[in-house]
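The values are calculated or read from the model by the stated rules, or taken from the named source; none is laboratory data. Note that the coordinates shown come from a computational prediction; the quantities given were computed from them, not determined experimentally. Heads up, the Cβs are rebuilt from the backbone with ideal geometry, glycines too, and the neighbour counts pull from every protein chain shown.
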């Protein structure tokens, strides 16, 4: 239960950690858009990989500054091999044309199938590393504040942004508590003879139900007590309240914003103008 | 001056099943009140009604001479703090700092003043070193200390402890008890209502209220209440250790009637 490393905050006092969460969220979205662009001409496909390599280098630099360990990324990627396998099988089964090579003189493996698999895989890896940088350098609470800030305009159309943010932050606060509880209930049920590991599908479902029902009951009890505690301390969702945590924009944030925007502009230009680096360089040389 | 006066309070979660039956009492400022009684006797319900967490059905509650109504509930609530039993379910912030700040945010304390207040009250409960820790990294006793700091930071006049030590280990229990006594010493005007199963704690309070089946069974100073041992036995409540010891000694014809605490008893016996 304790090996959930995806999206876990890793305390460290790096420059990336200190950046404004609003900026980090915005930059991550910019990077995501960059990854989803297509590059180069219709016939050549190496441009995609060149640009992805370029983005990967930048991500690696950010990871180095943020002191996010590569091993952590690999740990998360480990669970991805299954996805890659399925992707490969699907791509191999897709009807294709173009160059291919033969295995056992019967099975056609198209180059394009391998290319497509690699293409999707690289995009996945890049996106996972981006979200990992964001979540491991930003506390969940800061992220909530950032989301609340972006939602502020929607207050005009009566979206309860503050309540949404409060709900998210309480949910985040109770994840470890509920995980502990799950662990406790599993042990309690196991001591009463419930087997969570073995058995037929039906037996497993039964075992899971014996976990979920008490977990839900206790979660509802908790929520009632929590509501009482919040009310007793004067919480009133509609009323005006001051804030303890205030997001502060610093000069470092401006620099980071300019950097990510210019990178975005560059990549966008490369994509829209269909620039082919190989053609470009050979043109310059010749 | 009476800070809290409850008159003819009747309350039930279901119709025709009253949890509290026609309860009336008054509490003077600066007193340490122990509210004892068996599970289901209505202690926690009474606390929730006083704190304005449940809606009154019949009867009235006056806080500092003001009648508790729907309109002034948010104002009067600032005067009453309540520490609940479960340390986990009253920890609202992501860290100790945020949790103490939660009440301040609700009371619209300006941002600039918050840090000073947080540090002050964290120091009072000895949690300064843990300000940036998440609740999962704290023990039950530490979480309860944070809860106390969070309540104290709001500067209440009455603090209710709803079995605040029931889920703690003996060390945590002792700690919390010490903090309660310490803050009582620092602010004489603070009124404390402690809902407890701990007979010793009740014996050391200023006034004891015994609830049974939703009615006030006994009320008075600890000496008065625990003197009536046959009446307490009637509802299966235990006697404090000192009382039991004194009884046994009296049976052996040793005169210890005037003894007030354990120390005096020891001295007397050693003579």
Residue check for residue B:80: at pLDDT below 90 and at the interface with chain A (Cβ under 10 Å from one of its Cβ atoms): no
In the stretch A:127-176, the residues that are touching a helix residue (DSSP H, G or I) at 6+ places or on another chain (Cβ under 6 Å), within 14 Å of chain B (Cβ to nearest Cβ) and without any contact (Cβ under 8 Å) to a residue 40 or more places away in the chain: A:144, A:148, A:165, A:168, A:169, A:172, A:176
Flag if residue A:31 is under 18 Å from the mean Cα position of the chain (by Cα) and at pLDDT 90 or above: yes
Residue in the stretch A:233-240 that is touching a strand residue (DSSP E or B) at 6+ places or on another chain (Cβ under 9 Å) and either closer than 30 Å to residue B:115 by Cα or assigned by TED's automatic domain parsing to the domain that holds residue A:19 (or both) present: yes
Only listed residue being crowded, with 19+ Cβ neighbours inside 10 Å, modelled with pLDDT of 80 or more and closer than 24 Å to residue B:9 by Cα, chosen from B:199, B:195: B:195
Positions within the stretch A:225-247 being outside any loop (DSSP other than H, G, I, E, B) and more than 7 Å from chain B (Cβ to nearest Cβ), in sequence order: A:227
Per-region count, the stretch B:124-149, residues at the interface with chain A (Cβ under 9 Å from one of its Cβ atoms) and in contact (Cβ under 8 Å) with a residue 60 or more places away in the chain: 1
Any hit, the stretch B:52-72, residues being surrounded by 20 or more Cβ atoms within 10 Å (Cβ to Cβ), assigned to a helix (DSSP H, G or I), in contact (Cβ under 8 Å) with a residue 24 or more places away in the chain and within 11 Å of another protein chain (Cβ to nearest Cβ): no
Any chance residue A:179 is part of a helix (DSSP H, G or I), touching a residue at least 24 places away in the same chain (Cβ under 8 Å) and surrounded by fewer than 16 Cβ atoms within 10 Å (Cβ to Cβ): yes
Residue tally, condition in contact (Cβ under 8 Å) with a residue 40 or more places away in the chain, more than 7 Å from every other protein chain (Cβ to nearest Cβ) and surrounded by 21 or more Cβ atoms within 10 Å (Cβ to Cβ), over the stretch B:83-94: 3
So residue A:256, is it part of a helix (DSSP H, G or I), modelled with pLDDT of 90 or more, within 14 Å of another protein chain (Cβ to nearest Cβ) and surrounded by 11 or more Cβ atoms within 10 Å (Cβ to Cβ): no
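Here's the yes/no breakdown for (1) assigned to a loop (DSSP other than H, G, I, E, B); (2) within 11 Å of chain A (Cβ to nearest Cβ):
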site	(1), (2)
B:102	no, yes
B:109	yes, yes
B:122	no, no
B:156	yes, yes
B:171	no, no
B:177	no, no
B:180	no, no
B:184	no, no
